[in-house]
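Nothing in this text is a laboratory measurement; each read-out follows from the coordinates by a stated rule. Quantities reported herein were computed from a predicted structural model and do not represent experimental measurements. Cβ coordinates were reconstructed from backbone atoms using ideal geometry, including for glycine residues, and neighbour counts include every protein chain displayed.
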Amino acid sequence: MKKTMQIYAFAVGLLLAVGMSGCSDKDNFSHGNVDAPRFTSFGFYQEDNPGVLAADYVADLTAIETAGTSTVKLNVSMPATVDKSNLIARFTTAEGTTVRVNGTVQTSRTTANNFTVPVDYIIGSGVLNVRYAVTVVKATNMKWTEITPFSDLAVYGDAVMKINPQDGLPYIGFKVRTADDNRSAVIKLTNSGWAYVGEGAFGHKISGSYFDMAFSTDGVPYVAYSDNEAAEKGAMSVQHFDGSTWTYTGGTTGILKAQSNYVSLAVLANGQVVGAQINNSRRADYPQRKLVVSVYKNGIWSSEIPPMLTNDVAMVSAAGGTNAAYLISINRGKVNGVDYGYNVLKYENNTWSALLLNHLESGNTLNSISTIGIYVAPDQTPYIWTMDNASGETGVRLKYYDMATSNWITVGGNILPLGFTPDRHTDIALAVTTNGTPYIAYNNTTDQNRPYFMYLEPDTRQWSTPAKISDTPASGLSIAFTHSGVGYVTFADSKNLLHTFKYE
């Protein structure tokens, strides 16, 4: 009997041991096992994330030990400007090892995950598992560095910088400042420095400083300007680069009978080109001081005064998204009891509509022509900036349009904390990264007009402390970011020569 009981006890013990081992296979995280599974390499590579990353970001695994812990914390440093919502990781492990995230098998160089939050990788080998908590952290060494200056030509008025959506390169368009050649020029950044798009200056002479530039979605640059040599002197002309030469869009110069001031341009994905201007001629087809919009579609230009905005207008600026163009303008003087109200119009599906008309911030008492600007973010959200004293002090207010609620929201909750009182001569430039972070560049009038920048902290939703970009006094600032998060700022110095800085 005793022998039988011993055999029974041994059998039960053996079954329990086997049962416990079987139950813990998938959840048995390593504690102190030197043979625990591990990553032998891990990183994010530009080749695997084209258009998202501008460089390779590789984790340092040399100081990491998996033995003695069930969770390994792995940080990969990356610029804050990178969109981390859909990154593909490249990794290696020992043969026979499985890698999962939330139960899904991971394939190196193929599987994407959202790294705006930490991602837990479970590495398994037999009955052992190790958890790698991978976090993409903000790089702390980002800075503005001047790239090769462009000193061939001086610029007149504000240069316009845009990123080509196809090659990711910065292009700068401007009016040439010389005594006998006030035409357009466009340059682009190459591996060997700046190069002309085409053969130097092109087109007709420009009236005033009325010039703008935009890109089509397939990477074709367009320029618009007030044409001093058109049949109607000062009428808007539009040209695009066809790969070898700058061609007049629509085959004609001077697309309307008007004197076009405050020329602005947008190009939509459907091929339509949208222009805006203020007519400054009494002999035009349109009354003087009216906003006139011009649209190129089906090979024909057509122009009109938007029916919802027929009062006199002092200034206008335009920006284009993929499927819609937006305009912001300031009324000239008092309209329906409101002094210098501003308007925002939208063009989409061949139709103009108003997002704002004759608007002022509640409590604002500024009664003059002030700063306006407009920009469309990569996610197609329109942003505007205006000047007011509604909060008790004069400042620039940045807003975005919430498509879901049809409301305009002040970014950061109040006027921009520039650190000084701006005026109409303060240059404000905006760019929004693909991860939705707004960046502001401006000239600091309390520091000899040197260029500064700040951005909205993604975590706190408050503006960062303003920081200086350069000791060179600046005018006509322009800022842009590539889809992969590399930033550029360009401006003119006191000799009207261009300086461009890269942020990475």
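On a 26 Å Cα-Cα criterion, which of the cross-link pairs Lys346/Lys468; Lys399/Lys495; Lys233/Lys346; Lys205/Lys257; Lys257/Lys297 come out too long? Mind dumping the intermediate values first?
Values: Lys346/Lys468 35 Å; Lys399/Lys495 34 Å; Lys233/Lys346 28 Å; Lys205/Lys257 17 Å; Lys257/Lys297 18 Å.
Pairs exceeding the cut-off: Lys346/Lys468; Lys399/Lys495; Lys233/Lys346.
Subtracting the Cα-Cα distance from 0.36 nm times the residue separation, let me have the gained length for Thr104 to Thr217 in nm, one decimal. Mind showing how you got there, number by number?
Values: separation 113, 0.36 × 113 = 40.68 nm, distance 3.55 nm.
Result: 37.1 nm gained on full extension.
Shape verdict for the stretch 248-398, please, from the Cα gyration tensor: rounded (a/c under 1.5), prolate (a/b greater than b/c) or oblate.
Cα axes put the stretch 248-398 in the oblate bin.
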query = Tell me, what is the FRET efficiency for Thr421 and Ala94 to the nearest 0.05, using R0 = 56 angstrom and their Cβ-Cβ distance as r?
reply = 0.35
ask   = Fully extended, how many nm does the chain gain between Asp471 and Gln166 (0.36 nm per residue separation, minus their Cα-Cα distance)?
value = 106.5 nm
note = Those GluC sites (Glu not before Pro) from the stretch 162-233 that are DSSP loop and have at most 14 other Cβ neighbours within 10 Å turn out to be Glu199
request  = Note the angle between two axes, namely the Cα long axis of helix 2-23 and the longest principal axis of the Cα atoms of the chain, as a number of degrees from 0 to 90, rounded to the nearest 10.
outcome  = 10
request  = Subtract the Cα-Cα distance of Val338 and Arg131 from 0.36 nm times their separation in residues, and report this length gain in nm to one decimal.
outcome  = 68.3 nm
ask   = Modelled label-to-label distance, Ala63 and Glu199, 7 Å Cα→beta-carbon offset: nm?
value = 5.9
query = Roughly what % of DSSP beta bridges within the chain run antiparallel, to the nearest 5?
reply = 95
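Computed FRET efficiency, Cβ-Cβ of Thr460 and Lys502, R0 22 Å: what is it to the nearest 0.05?
Values: r = 26 Å, r/R0 = 1.19.
Result of the calculation: an efficiency of 0.25.
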query = At each listed q (0.11, 0.16 Å⁻¹), what is the log10 of I(q)/I(0) that the Debye formula gives for the stretch 65-133 modelled as equal alpha-carbon point scatterers?
reply = -0.28, -0.59
request  = Quick one: plug the Kirkwood hydrodynamic radius of the chain (C-alpha pairs) into Stokes-Einstein at 37 °C, 0.692 mPa s, and report D in µm²/s.
outcome  = 127
ask   = How large is the helix-only mean residue ellipticity at 222 nm for the chain, computed as the sum of -39500 (n - 2.57) over DSSP H runs with n ≥ 4, divided by its residue count, in deg cm²/dmol to the nearest 500?
value = -1500 deg cm²/dmol
note = So for the stretch 106-231, using the alpha carbon gyration tensor with a ≥ b ≥ c as root eigenvalues (a/c under 1.5 gives rounded; past that, a/b versus b/c decides prolate or oblate), I'd call it prolate
message = Quick one: the Cα spread of the stretch 352-504 along its three principal axes, in angstroms, biggest first?
response = 41, 37, 34
